[in-house]
1. Of the residues that make up the range 197-215, is at least one modelled with pLDDT of 90 or more, touching a Pro at 6+ places or on another chain (Cβ under 7 Å) and of a type in the set (A, V, I, L, M)?
2. Exactly one condition in (1) touching a Phe, Trp or Tyr at 6+ places or on another chain (Cβ under 7 Å); (2) polar (S, T, N, Q); (3) surrounded by fewer than 16 Cβ atoms within 10 Å (Cβ to Cβ) is false for Thr80; which is it?
3. Residues being surrounded by 15 or more Cβ atoms within 10 Å (Cβ to Cβ) and modelled with pLDDT under 60: count how many of those fall in the range 105-154.
4. Only residues that are basic (Lys, Arg), more than 26 Å from the chain's Cα centre (by Cα) and not in a loop (DSSP other than H, G, I, E, B): list them for the range 81-117, please.
5. Counting just the residues of the range 33-62 that are aromatic (Phe, Trp, Tyr) and part of a strand (DSSP E or B), which one comes out surrounded by the most Cβ atoms within 10 Å (Cβ to Cβ)?
6. When the residues of the range 237-259 are filtered to those that are touching a Leu at 6+ places or on another chain (Cβ under 7 Å), closer than 25 Å to Ile31 by Cβ and not small (Gly, Ala, Ser), which remaining residue is modelled with the lowest pLDDT?
Amino acid sequence: MRSSLQILIVTALFSLLATTVRGVSELVIAIRYLQAAGTSHAHLYLYREDGKLLRQLTNDNSGQDSAPIFAPDGTTIVFTREKPNEVHEFWSINPRGTGLKKLNGVPDWYTQTKSSPYFTNLEPEDTGSATPNPEESASPGTTPTPTYKAPDSSVELVLREDPNDEDDQINAPSHGKHYLLRDLKTGSEMAFANIPGFDGAVEILHERQNPEEHFLFSGNLRLVFFEVHLDSSAGDTVQALDLTGPRFVRLSPNWAAPIPTPG
């Protein structure tokens, strides 16, 4: 397996889990592609660690397939099929897409296993990770400026906004131009607007299973993710702020969930 971390970008995510087969990580993902008319259904898809689709595993439209998890030995995948009236069935299938079987009960290991982590801004909560600006917090009636310090204490993100700048009042491109990337060792600062690739930054994403974690540091990767609304047609998108550049990289034409894959 490669030693560097891979990132898979998924734009319609329910849940996933990965396993390693012959030295290559594979991920099973439940995706629900929304249809313009009729009822859309979630099915299972198998991906390679580099994002290549290997095959669709399920195509049943009697319910929604979700929460796929590889068995500990990697030979089968167990998932939940949600049917009308809150009926939940448990099924298994092998990674080749054969051997589909309804289970009489849910395996113990399945209920004890969590799906893979990914970065999101869904269901935001106050995690205490943002530190108020001392000067602003001392002034009555002002909202503290959120700051986020990198795990290695090398840099800090200062998400300040200008109340007199119209771009900072709406979720749209150019919002966040006054956000700062501050080098904690030298004290130098760079406005987001001056970082190559900047389109806009609004909500900072956090790791789903740890809402206090906003940075992805692994190997050579030093990333933090932001969401911004583009327009009524394109919707939202997610950008990665690469701290080693620094530079911004748009991950997808629309909203995306960055998922660190094993290895």
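1. no
2. Single failed check for Thr80: (3).
3. Residues that pass the stated criteria total 4.
4. Filtering the range 81-117 for residues basic (Lys, Arg) gives 81, 83, 96, 101-102, 114.
Now restrict to residues that are more than 26 Å from the chain's Cα centre (by Cα): 83, 96, 101-102.
If the condition is that a residue be basic (Lys, Arg), more than 26 Å from the chain's Cα centre (by Cα) and not in a loop (DSSP other than H, G, I, E, B), then Lys83, Lys101, Lys102 are the ones that fit.
5. Just the residues of the range 33-62 that are aromatic (Phe, Trp, Tyr), to begin with: 33, 45, 47.
Now narrow it down to the ones that are part of a strand (DSSP E or B): 45, 47.
On the way: Tyr45: 20, Tyr47: 22.
Result: Tyr47.
6. Looking at residues that are touching a Leu at 6+ places or on another chain (Cβ under 7 Å), closer than 25 Å to Ile31 by Cβ and not small (Gly, Ala, Ser), I get Ile259.
To keep it simple, each residue is scored yes or no on (1) in a strand (DSSP E or B); (2) of a type outside the set (Asp, Glu); (3) under 15 Å from the mean Cα position of the chain (by Cα); (4) crowded, with 17+ Cβ neighbours inside 10 Å.
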{"position": "Asp168", "(1), (2), (3), (4)": "no, no, no, yes"}
{"position": "Pro173", "(1), (2), (3), (4)": "no, yes, no, yes"}
{"position": "Ala193", "(1), (2), (3), (4)": "no, yes, no, no"}
{"position": "Val224", "(1), (2), (3), (4)": "yes, yes, yes, yes"}
{"position": "Ser233", "(1), (2), (3), (4)": "no, yes, no, no"}
{"position": "Thr244", "(1), (2), (3), (4)": "no, yes, no, no"}
{"position": "Val249", "(1), (2), (3), (4)": "yes, yes, yes, no"}
{"position": "Asn254", "(1), (2), (3), (4)": "no, yes, yes, no"}
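The values are calculated or read from the model by the stated rules, or taken from the named source; none is laboratory data. Just so it is clear, the model here is predicted, and its values are computed rather than measured. Glycine gets a Cβ as well: all are built from the backbone with ideal geometry, and neighbour counts include every protein chain shown.
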